[in-house]
1. Between 79, 35, which is loosely packed, with under 12 Cβ neighbours inside 10 Å and either among the aliphatic types (A, V, I, L, M) or under 21 Å from residue 11 (Cβ atoms) (or both)?
2. Please determine whether any residue of region 33-52 is within 14 Å of the chain's Cα centre (by Cα), of a type in the set (A, V, I, L, M, F, W, C), within 18 Å of residue 18 (Cβ to Cβ) and assigned to a loop (DSSP other than H, G, I, E, B).
3. Could you go through region 55-71 and let me know if any residue there is surrounded by 14 or more Cβ atoms within 10 Å (Cβ to Cβ) and in contact with a Leu (Cβ under 7 Å, 6 or more places away or on another chain).
4. List the residue pairs whose Cβ atoms are under 8 Å apart, where the first residue sits in region 59-78 and is in contact (Cβ under 8 Å) with a residue 60 or more places away in the chain, the second is among the acidic types (Asp, Glu) and surrounded by 12 or more Cβ atoms within 10 Å (Cβ to Cβ), and the two are 6 or more positions apart or on different chains.
5. When only residues in region 53-84 that are more than 16 Å from the chain's Cα centre (by Cα) and assigned to a loop (DSSP other than H, G, I, E, B) count, which is farthest from residue 17 (Cα to Cα)?
6. Looking only at region 85-98, count how many residues are in a loop (DSSP other than H, G, I, E, B) and in contact with a helix residue (DSSP H, G or I) (Cβ under 8 Å, 6 or more places away or on another chain).
7. What number of residues in region 1-59 are modelled with pLDDT of 75 or more, hydroxyl-bearing (Ser, Thr, Tyr) and closer than 21 Å to residue 69 by Cα?
Amino acid sequence: MSGAAKRLIPLFDRVLIKKFEAVTQTKGGIVIPEKAQDKVLQGTVVAVGPGARLQDGSLAPLSVKVGEKVLLPEYGGTKVNLEDNAEYHLFRESDILAKVE
């Protein structure tokens, strides 16, 4: 993880995720064209916010932690480009579909 990603701390119930790389070549060596590649729906949690604010003002902790692999929706999230030219995405915790073990 880059230094720029370490300095970015999401607010409330938001989660910073680095998506996995798309498969561009088969095991046999055939190059897959960009239009035929599947969307990348998995990623690794890079940073998490402190949690959602409840009615009484306390914070509800998030259920995902840094380093966990998660399943993402096909659409959504906010793309974030940091200084290291890496592409990250911000999602709300409620948008994340599942943890992958």
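1. Working: 35 fails: either among the aliphatic types (A, V, I, L, M) or under 21 Å from residue 11 (Cβ atoms) (or both).
79 is the lone residue from the list that is loosely packed, with under 12 Cβ neighbours inside 10 Å and either among the aliphatic types (A, V, I, L, M) or under 21 Å from residue 11 (Cβ atoms) (or both).
2. Let us first name the residues in region 33-52 that are within 14 Å of the chain's Cα centre (by Cα), namely 39-49.
Narrowing further to those that are of a type in the set (A, V, I, L, M, F, W, C): 40-41, 45-48.
Applying the additional criterion that residues be within 18 Å of residue 18 (Cβ to Cβ) yields 40-41, 45-48.
After this cut, where a residue has to be assigned to a loop (DSSP other than H, G, I, E, B) as well, the list is 40-41.
Yes; the residues of region 33-52 include at least one that is within 14 Å of the chain's Cα centre (by Cα), of a type in the set (A, V, I, L, M, F, W, C), within 18 Å of residue 18 (Cβ to Cβ) and assigned to a loop (DSSP other than H, G, I, E, B).
3. no
4. Correct list of pairs: 77/95.
5. By that ranking, first place goes to 56.
6. Let us first name the residues in region 85-98 that are in a loop (DSSP other than H, G, I, E, B), namely 85-86, 96-97.
Then keep just the ones that are in contact with a helix residue (DSSP H, G or I) (Cβ under 8 Å, 6 or more places away or on another chain); that gives 86.
So the answer is 1.
7. Qualifying residue count, region 1-59: 1.
The values are calculated or read from the model by the stated rules, or taken from the named source; none is laboratory data. Computed from a predicted model, the values in this text were never measured in an experiment. Cβ coordinates were reconstructed from backbone atoms using ideal geometry, including for glycine residues, and neighbour counts include every protein chain displayed.
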